Amino acid sequence: MSIEETKGEERGGFGSDATWLLGCVAVTALAAFLRFYWLALKPFHHDEGVNGWFLTNLYRDGVYKYDPENYHGPTLYYISLAFTKLLGGLDTVTVRWSVAIWGVLIVVLALFLKRYIGRIGALTAAAMLALSPGMVFISRYFIHEIFFVFLSLAIVVSIVFFIERRKAGPFAIGWMALLLLVSFFPTTLNIASSLSSGVPDRFFYIAVVVFAVEVVLVGFVLRMLMVWRDGRPIYLLIASASAALFFATKETAFITLGTMLIAVFFVWLWRLLLAEKLVSGGKDELDDPELNWADVREALGSGIDLWLVLIASSLAFIYIFVLFFSSFFTYPEGVSKAFEAYAIWTKTGSRDHTDNGLLAYLNWAMKVESPIVLLSAIGTAIAFFKARHRFAMFAGLWTLGLFLAYTIIPYKTPWLALSFILPACIIGGYAINELAGSMGSLGRIAAIVLAGASFAILGYQTYDVNFVDYDDERVPYVYAHTRREFLDMVADIERFAEVSGKGSETTVEVVSPDYWPLVWYLRDYPKAIFHGKFFDTSTAEMIIAKKGEQDAEAIRRYSANYAYYASYPLRPGVELMLLVRKDLAGPEGQEMYRIGAK
């Protein structure tokens, strides 16, 4: 590591390397515990149920076709497919693992920013990311958002390292190896499929052999990349591939990337306006002179190197983009449909589904993420007052820009806030670092008090939001969430299925128009039929109807053969009732005329 690379890492006097590593391990362990502990506690949200349905089809039938009208991009399903194959099948905990891991890696990536926000700053930022109620809550959700947020940070870190570093590090090499293996994986499947003649065992063994060969080839590719300018272009290739995955995850990628570019421009403009102050000012350990256009140009190289870097990065973006949207080259129409998503998004993004008004994100953040809001404001003010720490200024504008963008856009959901909570934690960490390291004893006291209070508040809020009030609609991140009593209904369905003697072959007729995420929980019941409207039956073991709206018609159609068992809240304003065939319900069942009294 060069002298330039180590400058700033000692800022704030954060002890030895051993102390730093111990802090990193502690913060990462905290992040992992909060994200992986008791993942089945919270019932699936209806969005998770829909995502689970897509994953179930991909897992069982090998089929996924991107449709821009159905939620977001394909990356979530293929990543989760890998986890479910490795960890033993479709299960609530397994699929949430595939999201939670990226929540932990966001925290780990923040630690790599010690060169730009200091060791204390990086640890503080990582700790706030680890403790953020929203980051933890959505990391425990089977939706696209956390991988999306991870990719935004991966792009930033990769580009910064490409500009500043001279040699690829082990983490960059490992991430590049993973991307290469993913890129080659379709070849493994195609060759194994063509040579196995439809014999499952033969397919498995051929796939293992072909994959082993591809691992060797990936090793050769990595060796060639390491020879090429000591592997420095690997960082740009990672940034390019991450950008492709970014677009393949959510169509709102252009908002984040556009905000980042605008932030870069205003950092340049601000420093230009304060050029005289910068010339007269003293040196600072966190000065980042490498982050300027001259060094970007130097990093890109010249002559054939320049062209090779640009071509390789472009090909990496195009290949990954096409790979995922074409469902690993099995659905070419998906590539063109990827561009249709933006026209659809302009329509769906024109309405505020939460009806919380223009300042929804500010109100939500102040309610559960207030320490992060406060520290991000302090950090941004310090960065622009000093006007010399480019990365800190960029992080402040990244936060402000995304906050303003999502505030202006009518469509609002709580998890969108994570896109600006991420840089807010980074610039908040910078604030603590600057208070601790450059403002004397009073600054250090202020840093300790602010950091300690922030961690305490965030820790309490995280505990409450994620393990106590996780289905309370008054909590900002709890958006139309499934009530915990829903799991009681699932348990009762499973119990009556066993009583019937048919187990998973039990017939369940779902006539309620509202039923997600029940599809996920009945995925192993092939005779669970989701009609969404009334259906005449006298033989099905169970019927699920909507309480209130369907009471009268349910009594008329089903009272002769079915008993009312219980009602269960699904989500705010929606309640389901379980009707069980009288011969199965026994004394637990009640006559259906009692429905109106419940």
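Values in this text are rule-based calculations from the coordinates and carry no lab data. Only a predicted model underlies this, so the values are computations on that prediction, with no experimental measurement involved. Neighbour counts are summed over all protein chains in view; Cβ atoms, including those assigned to glycine, are modelled from backbone coordinates with ideal geometry.
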*Which far-off residues, 5 or more places away or on another chain, put their amide H under 5 Å from the one on Leu570, with H placed in the peptide plane?*
Glu575, Leu576
_Along the Cα→Cβ direction, 7 angstrom out, place labels at Glu485 and Arg556. What is the inter-label distance in nm?_
2.7 nm
*Could you pull the Rg and Dmax for segment 486-597, using just the Cα atoms, both in Å?*
12.4, 34
*By how many degrees, between 0 and 90 and to the nearest 10, does the Cα long axis of helix 418-438 differ from the longest principal axis of the chain?*
40 degrees
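Looking at segment 486-597 only, what percent of DSSP beta bridges run antiparallel? Nearest 5 please.
Values: 14 of 20 bridges.
In segment 486-597, approximately 70 percent of DSSP beta bridges are antiparallel ones.
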*Relative to the longest principal axis of the chain, what angle (0 to 90°, nearest 10) does the C-alpha long axis of helix 440-467 take?*
20 degrees
*Of the DSSP beta bridges with both residues in the chain, give the percent that are antiparallel, rounding to the nearest 5.*
70 percent
*Report the label-to-label distance for Phe203 and Asp17 in nanometres (one decimal), using points 7 Å from each Cα along the Cα→Cβ vector.*
4.9 nm
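Suppose R0 equals 45 Å; then what is the FRET efficiency for Lys65 and Ser538 from their Cβ-Cβ distance, rounded to the nearest 0.05?
That pair, Lys65 with Ser538, gives E of 0.75.
Among His481, His46, which comes first, second and so on when ranked by fewest other beta-carbon atoms within 10 Å?
Details: His481 24, His46 21.
Starting with the residue having the fewest Cβ neighbours, the order is His46, His481.
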*asked:* If I model the chain as equal point scatterers sitting on the Cα atoms and use the Debye formula, what is log10 I(q)/I(0) at q = 0.08 Å⁻¹?
replied: -0.63
_Let me make sure I get this right: for segment 393-444, a, b and c are the square roots of the gyration tensor eigenvalues over alpha carbons, sorted descending. Under 1.5 in a/c it's rounded, otherwise prolate if a/b > b/c, else oblate. Which is it?_
prolate
*Using a basic spin-label model with each label point 7 Å from the Cα along Cα→Cβ, how many nm lie between Ala26 and Leu41?*
2.3 nm
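I need the peptides 102-109, 556-563 ranked by packing, meaning the mean over residues of other C-beta atoms within 10 angstrom, with the highest value on top.
Numbers: 102-109: 23.1, 556-563: 18.1.
The peptides rank, most packed first, as 102-109, 556-563.
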*asked:* Report, in listed order, any pair from Lys167/Lys250; Lys42/Lys527; Lys42/Lys367; Lys85/Lys546; Lys85/Lys367 with a Cα-Cα distance greater than 29 Å.
replied: Lys167/Lys250; Lys85/Lys546; Lys85/Lys367
*Per-pair calculated FRET efficiency, R0 = 35 Å: Phe339 and Arg474 via Cβ, rounded to 0.05*: 0.30
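Would you mind getting me the FRET efficiency between Ile408 and Asp583? Use the beta-carbon distance for r and R0 = 56 Å, nearest 0.05.
Between Ile408 and Asp583 the formula returns 0.40.
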_Gain on full stretching of the segment that runs from Phe220 to Leu359 - 0.36 nm per residue minus C-alpha separation_ = 44.8 nm
